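The values are calculated or read from the model by the stated rules, or taken from the named source; none is laboratory data. Everything numeric here is computed off the predicted structure, so don't read it as measured data. Positions of Cβ are generated from backbone atoms using ideal geometry, with glycine treated the same way; all protein chains shown enter the neighbour counts.
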């Protein structure tokens, strides 16, 4: 209903921008904090929103016309290495 009334009770204390929903304000705060919790497991690029990461992942699924087999293999190796690193971290955190 707030969309129709124009009410924006959730206000950013940094820039003063108002929002109708608290979760959108929390997402907006990442603009000011620089937090980027969504990281691409293939190339390591980080994003502030999961939807942006999902869009970015399409870059990796599209194969270039030349050397596509070689690039795909390199990407698979890099992704596997990063997944092993994540697993090592999770196991170490669990054991401690």
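For residue 54, the conditions (1) touching a helix residue (DSSP H, G or I) at 6+ places or on another chain (Cβ under 7 Å); (2) assigned to a helix (DSSP H, G or I) are fulfilled apart from (1).
Every condition in (1) assigned to a loop (DSSP other than H, G, I, E, B); (2) touching a residue at least 12 places away in the same chain (Cβ under 8 Å); (3) surrounded by fewer than 11 Cβ atoms within 10 Å (Cβ to Cβ) holds for residue 8 except the one numbered (3). For residue 35, the criteria (1) within 8 Å of the chain's Cα centre (by Cα); (2) outside any helix (DSSP H, G or I); (3) exposed (fewer than 13 other Cβ atoms within 10 Å of the Cβ) hold in every case but one, which is (1).
To keep it simple, each residue is scored yes or no on (1) touching a strand residue (DSSP E or B) at 6+ places or on another chain (Cβ under 8 Å); (2) in the same structural domain as residue 75 (by TED's automatic domain parsing); (3) modelled with pLDDT of 95 or more.
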position: 9; (1), (2), (3): yes, no, no
position: 16; (1), (2), (3): no, no, yes
position: 23; (1), (2), (3): no, no, no
position: 27; (1), (2), (3): no, no, no
position: 42; (1), (2), (3): no, yes, no
position: 48; (1), (2), (3): yes, yes, no
